[in-house]
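Q: My questions all concern the structure below.
The values are calculated or read from the model by the stated rules, or taken from the named source; none is laboratory data. In this text, all values refer to a predicted model and were calculated from it rather than measured experimentally. Positions of Cβ are generated from backbone atoms using ideal geometry, with glycine treated the same way; all protein chains shown enter the neighbour counts.
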Amino acid sequence: PAPPTGHQKKMLRAPLSRQLLGRFASAAAPVATRAAFARPTFGNRFKTGPSASPTTISDELLGKLGKLSTQALVDGLWVMGWPPAQIEGARSLAKGMKCVGRAVTVRFVPARPDIATDKPGGEISPEYEAFELCGPDSVIVMASVGPWESVGGDIKFLRLMQRQVGGLVTDGSVRDTDTMIGYGIPTFSYSTTAKQGPAAMQPWECNGVISCGGVTVRPGDAIIGDQDGVVVVPAAVAQQVYDIAHSREEIEEIVKTQLETEKCPPGKYYPFMSGKIKADSPLGKLLTSKGVKFYSTSSCPSGHVGAGSLARRALPVGSMGLQRRHMSSVPATMKAAVIEKTGPAETMEVKDWPVPKIADGQVLVKNEYAGINFIDTYHRSGLYARDLPFVGGQEGGGTIAQVTPKAEELGFKVGDKVAYSILQTYAEYAAVPAAKLQPIPDGVGIDVATACVVQGMTAHYLTTDAHAQLIKPGEWMLIHGVGGGTCQWAAQMAKELGYKVIGTTSKGKEAVGRATGVDELIVLDEAPGTSFEDYTSVDVTKKVLEITGGEGVKCVIDGIGKATMDISIDSLARRGIFVSFGNASGAVPPFPVLRLIGKSAFVTRPKLLDYTENRGEMLRRSNQIMGWIKDGKLKVSIDKTFSLDQAADGHKYLEAGKSTGKVLYKI
């Protein structure tokens with residue numbers, strides 16, 4: 001053949017699209033101009049679609065998704081025919097991490113001089129814009145340009161710790177691993193690295209649609225991470241995914257139990273195809289024997305499985321699924337303290353609000369009391385982000401006004417006295433999952449029981465388990481702020497458990513501190529204009545070492561935070577543990593892990609959720625606390641009670657540091 005001409009050589013080096021275009025132009029339109037291939041001008045054909053899904057995942061649904069395994073969620077999406085949803089390569093930074101939240105996204109692009117110049121800088125850089133959108137129910141998802149490129153480290157992600165973000169996920173890497181683990185942020189990344197990110201990439205977009213680990217993520221999608229990886233559940237189909245995944249888990253649990261009993265090859269029952277279980281198959285017969293209804297090839301010839309139709313527990317005749325079998329008279333609206341915009345205490349407004357509807361497995365509680373906690377002020381002020389508007393509070397107690405069949409299965413009935421912890425308790429009624437209810441025994445008032453739910457349960461896990469048994473009965477424990485709320489409980493519990501206790505308190509709360517029965521009480525001046533302890537007024541570490549004969553304490557329980565961090569670490573004995581759980585004086589600043597080497601010390605930042613992982617553990621703690629109260633071994637101090645109409649006054653009182661015990665609203 002003849003050698004190619006110069007024009008032909010250029011065309012061979014061009015992309016395939018240009019080669020084809022060139023051939024088309026020369027063969028079919030030899031006189032065509034550039035205008036012949038111009039983009040059509042009609043309509044908005046190339047307009048970009050909305051980033052976030054129009055569907056919002058409710059708090060309730062988000063919580064239910066978080067209780068499922070990532071494997072079940074992947075299966076649910078697979079059954080529906082959706083694309084793969086596991087973010088490839090994203091693994092937890094430390095064992096036991098789990099994240100649950102709605103996606104807030106950040107997209108990085110490869111570094112280029114004009115990109116670095118043109119993107120917003122400083123506090124309005126895209127990643128920092130995203131940080132301020134995050135809160136406890138958010139997971140920030142950062143799309144890197146490569147698996148080994150750093151999306152950030154300790155200084156950058158300190159803000160995420162302050163925002164109490166629900167998790168961080170990236171298909172890139174993170175830096176400063178030890179500090180990141182210490183922050184307590186559930187982090188899932190491809191790997192870790194010492195490299196700096198800005199040399200390779202720049203943050204370019206906040207809350208757009210991104211591709212992370214080969215998976216499309218839209219803002220607002222549910223992000224669930226556990227030891228197996230991270231799964232993206234699209235908001236548009238989140239309910240359907242939950243229904244199918246939950247049903248599959250139910251069937252798989254039945255199969256596993258049967259295999260343990262029968263000791264036969266798994267192939268007899270597993271795997272199974274959703275919507276195609278034959279009624280006369282071994283699995284079909286097994287499910288029928290267990291009272292589980294399922295869609296089979298005989299009852300559903302097409303093999304189609306609708307959302308949630310994979311398995312259904314047979315309900316009692318007449319129960320009608322979610323029918324409320326017993327109820328007291330309940331109005332359509334109620335009084336509630338509502339936050340429609342974040343800010344000072346006055347932003348809370350007591351107004352009429354719809355009484356919540358209950359789903360099967362929930363009860364409707366008519367509240368008599370609601371607890372006031374510092375975290376409620378963080379939500380109201382905007383320090384911890386919440387979707388607006390919302391009803392304040394997360395601690396309540398009262399009597400059951402309505403029940404559902406699944407709640408009845410757990411033994412609850414209308415009129416039962418219960419306490420609980422969920423969001424939105426500053427109201428006359430609350431819809432509460434039955435699994436979260438704590439029965440109130442005879443002889444314990446509803447006000448006292450309400451005070452137990454957050455402060456009492458927190459004090460219990462702090463004194464029984466958070467110290468990892470690094471302290472033994474008869475050894476010294478330091479507890480800061482024993483004249484206040486949670487640590488007033490903790491001091492009494494520590495004594496009941498056999499520890500020797502040193503407490504700190506302010507002069508104004510000295511009587512309360514001494515009433516806890518601590519062995520030694522260090523009394524401090526009050527910070528000017530407040531009721532808080534001034535930890536610069538006394539050399540606390542020196543006094544602790546004097547009391548303990550120079551050895552220090554085996555455990556420090558510290559809810560003060562910034563003002564006491566150095567004192568707490570310096571007061572530890574060899575192989576002691578610093579249990580940091582609060583921020584009353586400000587967030588605990590980051591510190592190098594080498595700070596602990598002097599005495600081979602330990603540090604932990606626990607939270608109540610991880611020490612009430614299931615209903616059994618919650619009830620074990622609750623029952624012991626209630627028993628101590630009934631036996632007179634634990635004195636609960638109800639400092640002040642406000643009416644719900646005084647919602648703002650209750651927050652102001654707590655924030656001023658005036659409380660010497662539990663502060664409540666009387667509903």
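Q: Just wondering, is there one or more residues in the range 578-588 that are farther than 23 Å from residue 457 by Cα, surrounded by 15 or more Cβ atoms within 10 Å (Cβ to Cβ), in contact with a helix residue (DSSP H, G or I) (Cβ under 9 Å, 6 or more places away or on another chain) and in contact (Cβ under 8 Å) with a residue 24 or more places away in the chain?
A: Taking the range 578-588 and keeping what is farther than 23 Å from residue 457 by Cα, we get none.
No, that holds for no residue.
Q: Which of the residues spanning the range 613-651 are part of a helix (DSSP H, G or I), out of contact with any Lys or Arg (no Cβ under 9 Å at 6 or more places or on another chain) and surrounded by fewer than 17 Cβ atoms within 10 Å (Cβ to Cβ)? I'd like the intermediate steps shown before the answer.
A: As a first pass, look at the range 613-651 and keep what is part of a helix (DSSP H, G or I): 615-630, 644-651.
Subsequent filtering for residues that are out of contact with any Lys or Arg (no Cβ under 9 Å at 6 or more places or on another chain) retains 616-617, 619-626, 628, 630, 646-649.
Once the filter is applied, which keeps residues that are part of a helix (DSSP H, G or I), out of contact with any Lys or Arg (no Cβ under 9 Å at 6 or more places or on another chain) and surrounded by fewer than 17 Cβ atoms within 10 Å (Cβ to Cβ), the range 613-651 yields 616, 617, 619, 620, 623, 624, 630, 646, 649.
Q: Something else now. List pairs: first in the range 64-85 and under 22 Å from residue 137 (Cβ atoms), second part of a loop (DSSP other than H, G, I, E, B), Cβ under 6 Å, 6+ apart or cross-chain?
A: So the pair list comes out as 70/228; 77/85.
Q: Can you tell me which condition residue 533 does not meet? The list is (1) closer than 18 Å to residue 553 by Cβ; (2) surrounded by fewer than 24 Cβ atoms within 10 Å (Cβ to Cβ); (3) modelled with pLDDT under 95, and all the others hold.
A: The single condition residue 533 does not satisfy is (2).
Q: What are the pairs, 6+ residues apart or on separate chains, where a residue within the range 131-158 that is touching a residue at least 40 places away in the same chain (Cβ under 8 Å) and more than 18 Å from residue 171 (Cβ to Cβ) has its Cβ under 9 Å from a residue that is among the hydroxyl-bearing types (Ser, Thr, Tyr) and outside any loop (DSSP other than H, G, I, E, B)?
A: Matching pairs, first to second residue: 154/179; 154/183; 158/179; 158/183.
Q: Looking at (1) modelled with pLDDT of 90 or more; (2) under 30 Å from residue 659 (Cα atoms); (3) hydroxyl-bearing (Ser, Thr, Tyr), find the lone condition where residue 333 falls short.
A: Result: residue 333 passes all but (2).
Q: Next question, about the same structure. With respect to the numbered conditions (1) in the same structural domain as residue 497 (by TED's automatic domain parsing); (2) within 24 Å of residue 166 (Cβ to Cβ), which one is the sole condition not fulfilled by residue 613?
A: Here residue 613 meets the rest and fails (1).
Q: Also: Going residue by residue through the range 554-564, is there one that turns out to be modelled with pLDDT of 95 or more and more than 27 Å from residue 185 (Cβ to Cβ)?
A: Yes: the range 554-564 contains one or more residues that are modelled with pLDDT of 95 or more and more than 27 Å from residue 185 (Cβ to Cβ).
Q: Separate question: Is the range 174-191 home to any residue that is outside the structural domain of residue 378 (by TED's automatic domain parsing), part of a helix (DSSP H, G or I), more than 18 Å from the chain's Cα centre (by Cα) and more than 20 Å from residue 89 (Cβ to Cβ)?
A: Step one: list which residues in the range 174-191 are outside the structural domain of residue 378 (by TED's automatic domain parsing), which gives 174-191.
Now drop any that are not part of a helix (DSSP H, G or I), which leaves 177-183.
Narrowing further to those that are more than 18 Å from the chain's Cα centre (by Cα): 177-179.
Still in the list and also more than 20 Å from residue 89 (Cβ to Cβ): 178-179.
Scanning the range 174-191, I find at least one residue that is outside the structural domain of residue 378 (by TED's automatic domain parsing), part of a helix (DSSP H, G or I), more than 18 Å from the chain's Cα centre (by Cα) and more than 20 Å from residue 89 (Cβ to Cβ), so the answer is yes.
Q: State which residue is farthest from residue 401 (Cα to Cα) when the search covers only the range 354-374 and only residues that are assigned to a loop (DSSP other than H, G, I, E, B) and touching a strand residue (DSSP E or B) at 6+ places or on another chain (Cβ under 9 Å).
A: Looking only at the range 354-374, we keep the residues that are assigned to a loop (DSSP other than H, G, I, E, B), and these are 355-361, 372-373.
So of that shortlist, the ones also touching a strand residue (DSSP E or B) at 6+ places or on another chain (Cβ under 9 Å) come out as 355-359, 361, 372-373.
Working: 355: 12, 356: 12, 357: 12, 358: 11, 359: 14, 361: 14, 372: 23, 373: 25 Å.
Once the filter is applied, the top-ranked residue is 373.
Q: Scan the range 593-612 for residues that are within 24 Å of residue 496 (Cβ to Cβ) and part of a loop (DSSP other than H, G, I, E, B) and report the count.
A: 3
Q: Something else now. Step by step: first the residues of the range 51-61, then only those that are surrounded by fewer than 21 Cβ atoms within 10 Å (Cβ to Cβ) and of a type outside the set (Gly, Ala, Ser), then the one that is farthest from residue 141 (Cα to Cα). Which residue is that? Outline the logic, then answer.
A: Of the range 51-61, the ones surrounded by fewer than 21 Cβ atoms within 10 Å (Cβ to Cβ) are 51-56, 58-61.
So of that shortlist, the ones also of a type outside the set (Gly, Ala, Ser) come out as 54-56, 59-61.
Working: 54: 19, 55: 19, 56: 18, 59: 19, 60: 22, 61: 20 Å.
Ranking the candidates gives 60 first.
Yes/no per residue for (1) at pLDDT 95 or above; (2) of a type in the set (Ser, Thr, Tyr); (3) more than 16 Å from residue 637 (Cβ to Cβ); (4) under 31 Å from the mean Cα position of the chain (by Cα):
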position: 451; (1), (2), (3), (4): no, no, no, yes
position: 462; (1), (2), (3), (4): yes, no, yes, yes
position: 479; (1), (2), (3), (4): yes, no, no, yes
position: 484; (1), (2), (3), (4): no, no, no, yes
position: 493; (1), (2), (3), (4): yes, no, no, yes
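Q: With the structure loaded, tell me whether residue 512 is assigned by TED's automatic domain parsing to the domain that holds residue 567, among the aliphatic types (A, V, I, L, M) and within 29 Å of residue 367 (Cβ to Cβ) or whether it fails that test.
A: Working: assigned by TED's automatic domain parsing to the domain that holds residue 567: yes; among the aliphatic types (A, V, I, L, M): yes; within 29 Å of residue 367 (Cβ to Cβ): yes.
When the stated conditions are applied, residue 512 passes them.
Listed here are the residues, each with its yes/no results for (1) surrounded by 20 or more Cβ atoms within 10 Å (Cβ to Cβ); (2) in contact with a helix residue (DSSP H, G or I) (Cβ under 8 Å, 6 or more places away or on another chain); (3) modelled with pLDDT under 95.
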site: 329; (1), (2), (3): no, no, yes
site: 370; (1), (2), (3): yes, yes, no
site: 381; (1), (2), (3): no, no, yes
site: 386; (1), (2), (3): no, yes, yes
site: 413; (1), (2), (3): no, no, yes
